[in-house]
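To start, the structure itself, in structure tokens.
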Amino acid sequence: MTGSILILGGGCFGLTAALELRSRGWKVTLIDQGALPHPDAASTDISKVVRMDYAADAQHTGMGLLSIERWKGWNARWGIDLYHEDGFLVMSRGTMQPGGFEHDSFHYLSGLGHALRHTDAAMLRERHPVWNAERYVEGYLNPIGGWVESGRVIAMLAKEAREAGIEVIEQVKAPRPVLAAGRCNGIESSDGRVWTADLVLVASGAWTPEVLPHLQNVMWTTAQTVFHFQPSQPERFRAPAFPVWGADIAKTGWYGFPANADGLVKVANHGVGRRVNASDTRVMPAGEEEKYRAFLRETFPALAEAPVHSNRVCLYCDTFDGAFWITHDEQFEGLVVAAGDSGHAFKFTPVLGEIIADVVEQKDNDWTPKYRARQPTAVGSDGARAS
Ligand SMILES: Cc1cc2nc3c(=O)[nH]c(=O)nc-3n(C[C@H](O)[C@H](O)[C@H](O)COP(=O)(O)OP(=O)(O)OC[C@H]3O[C@@H](n4cnc5c(N)ncnc54)[C@H](O)[C@@H]3O)c2cc1C
């Protein structure tokens, strides 16, 4: 099955789907409201965590593992390392408990034969001296995993899309799918431009609940914050002493990165967030910096007074159960949706294209049933998200 397809949105979902469908012979047009990488897109940042650690979740562990292999392949293809295998250190404030993210990830991955390094307070003090080992008593290091320069990845993928013959149309005024009588008939912009094709794929990230209001009962937009600190001695915050980390992450949401090439140390929180509309003006909540510094004082005292270089409000497209929403739409024929990232999709960029293309072509794929249209039942998450 091939044909023509319009893709609304040039983040990691839209671009990987475009490249994969183009490689399968589709005529692909990708439309974005801004220039790529879009500065407000979730995919556009200095770094994103890449991990296989998903408690006992076999599917996301498998997707993480294959993605890591492919990130290394992409580094080789691009001739530049945008994926950095600095390892993933997760520490708990108490001993690891069954049902806990650290415990279940450690035992599930060890059971698969992965060589993880169990870490107690004494080892933390010795090997990772920036940590407050009085406060964190047990966890583990996974040497496989790390971080990726997400904004630069999007720039690379956009370049490859143009080179592959995908029509990439940027800076389009408020493009929307044309929905009428149970069918999606194309895309139109607020200044009257119209595009038609056999299928329309909406991959508009956190804007999706606004672009497709009929999905607002299963997905919504939440605002999260990110801070970039500039310590005077960035070398103290580099791997192996300071790999990507999670600090009792499933209870607190706190996680972060080693210093990047510019000496910036990113800290963020994978928590509940605030419900917003994606087109609202982004506002940094009052007292947010102090919230970060309070956390740093008890976890990384050497970073707590470092100046803030920059900060950002970034948006998740949350689904009720934390699983992605990649499916043919039940209400509008000719419409496929790939969204619902719930704050944890970028790491899977190297496998997303095939998943989305298999859904578009309605091909069997072990990983797609989880993302099909479904009705809100119990609330869930990716296991590392603080509730
Ligand atoms: C603070 C924060 C931290 C994160 N950390 C991690 C992490 O460490 N690891 C990880 O794996 N994931 C992480 N994520 C999640 C990850 O960033 C997302 O899962 C992923 O980037 C979502 O990609 P996307 O393509 O769906 O959306 P986006 O990257 O937001 O792209 C959507 C695109 O659609 C365009 N668009 C929107 N509306 C329209 C419209 N009407 N018409 C045309 N174009 C439109 C936008 O301009 C944009 O270019 C994080 C997210 C946030 C917010």
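Here, P(r) means the percent of Cα pairs in each 20 Å bin from 0 to the largest distance; for the chain it is 29, 57, 14, 0. Straightening the chain between residue 291 and residue 80 buys 72.4 nm, computed as 0.36 nm per residue apart minus the Cα-Cα spacing. When the GluC sites (Glu not before Pro) in segment 280-326 are filtered for DSSP coil states and for at most 13 other beta-carbon atoms within 10 Å of their beta-carbon, the remaining sites are 305. Put simply, when 113-120, 197-204, 324-331 are sorted by average Cβ atoms within 10 angstrom per residue, most first, you get 197-204, 324-331, 113-120.
Rounded to the nearest 20, the Cβ-based charge dipole of the chain about its Cα centre (Lys and Arg +1, Asp and Glu -1) stands at 320 debye.
For residue 319, the shell of other residues with beta-carbons less than 13 Å away shows a net charge of 0, using +1 for Lys and Arg and -1 for Asp and Glu. Between helix 349-360 and the chain there is an angle of about 30 degrees, using the helix long axis and the longest principal axis of the Cα atoms.
Taking the charge dipole of the chain about its Cα centre, with +1 at Lys and Arg Cβ atoms and -1 at Asp and Glu Cβ atoms, the residue from 195, 240, 107 reaching farthest to the positive side is 240. What separates the Cα centres of segment 285-306 and segment 80-94 is a distance of 20 Å. Helix 58-78 axis versus longest C-alpha principal axis of the chain: approximately 80°, rounded to the nearest ten.
Net length available on complete extension from residue 262 to residue 122 is 47.3 nm, with 0.36 nm assigned per residue and the Cα-Cα distance removed. Compared with the direct C-alpha span, the chain from residue 364 to residue 134 gains 77.8 nm at full extension, assuming 0.36 nm per residue.
Taking all protein chains together and a 1.4 Å probe, the residues 366, 321, 248 rank 366, 321, 248 from largest to smallest accessible area. Counting every pair of alpha carbons in segment 1-105, the share spaced more than 21 Å apart comes to 55 percent. Just how far, in whole angstrom, is segment 149-183 from segment 314-344 if you go by their alpha carbon centroids? The two parts, judged by their Cα centres, are 17 Å apart. Of all DSSP-defined beta bridges confined to the chain, some 70% are antiparallel rather than parallel. Taking a ≥ b ≥ c as the square roots of the eigenvalues of the alpha carbon gyration tensor, segment 1-60 is oblate, as a/c is not under 1.5 and a/b does not beat b/c. The residues neighbouring residue 93, those whose beta-carbon lies less than 12 Å from its own, together hold a net charge of -3 under the Lys/Arg +1, Asp/Glu -1 convention. Anything over 32 Å Cα to Cα? Flag those among 173/251; 27/173; 159/363; 48/291, in the order listed. Listed pairs above 32 Å: 173/251.
The values are calculated or read from the model by the stated rules, or taken from the named source; none is laboratory data. The structure presented is a predicted model; accordingly, all values stated were derived computationally and were not measured. Quick reminder, even Gly has a Cβ in these numbers, built from the backbone with ideal geometry, and neighbours come from all protein chains shown. Just so you know, the surface numbers come from the protein's heavy atoms only, side chains and all, with ligands and any DNA or RNA stripped out. Shrake-Rupley method; radii C 1.70, N 1.55, O 1.52, S 1.80 Å.
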